[in-house]
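Coordinate-derived values only; no laboratory data. What you see is a predicted model, and the numbers here were worked out from it, not measured in a lab. With ideal geometry, Cβ positions are generated from the backbone for all residues, glycine too; neighbour counts draw on all protein chains shown.
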Amino acid sequence: MRKTPELSGTPGIHRPRGKGRGKRALCRVSLLGLAAVFELASRYVPEMRDEIRDWEEGRRVTLGVLPSGPYITIQKDGERIRYLGARPLDPSVSILFKNLDSAVLIFTGQLGAPWAVAENRVCVHGSNSAAIQVTRAMAIVQTYLFPGLILNKIFKRPPRLTAAQLANKVRIMALLTPAMIRMAGR
């Protein structure tokens, strides 16, 4: 008797084994990069510190892709964001992309975080107001992660960075790879 093919998460759609591995790998690396920039931005970017100031201490946020990951969990720890691991860890807010294709659009800079929310490409578990705060923080992260050409595409009004903000962006880009390597070991 033949086994049924793996389901893609959508009823009635079958996906042969092995399909989507590249997208899943892209999402895994992108989520790790996102976590690294969350940590770095909370350390070096005043706008990010202002954004997370009102978050309750210990707020855990899981970002991930349905139906089966990958995921990351970050937590507010003092005035900073800290990466906890590549799995859901008792989050107070979860923002989950509905599928790999929606996540890939965000991670490749084809769609901004606010647009993904507006187009209903994500599911939110937890407080809507907390999810909006996370989305605003994610917009700051995207500002420091993507080059200007992509920012023009994903933001309705792309941010104009001051000299100090550009210096922070260069610093974050320089520290991104070492931070991702350090995080991959956790």
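Quick notes on this structure:
- Cα centroid separation, the stretch 117-175 to the stretch 33-92 (Å): 13 Å
- Furthest towards positive pole of dipole, 134, 33, 159, structure part the chain, Cβ charges: 33
- Taking Cα atoms only, the orientation of helix 128-145 departs from the longest principal axis of the chain by about 70 degrees.
- Peptide ranges 115-121, 167-173, 57-63 listed from the most packed, as the mean C-beta count within 10 angstrom indicates: 57-63, 167-173, 115-121
- By the compact-protein rule of thumb, 2.2 N^0.38 Å, the alpha-carbon radius of gyration of the stretch 45-177 corresponds to a ratio of 1.03.
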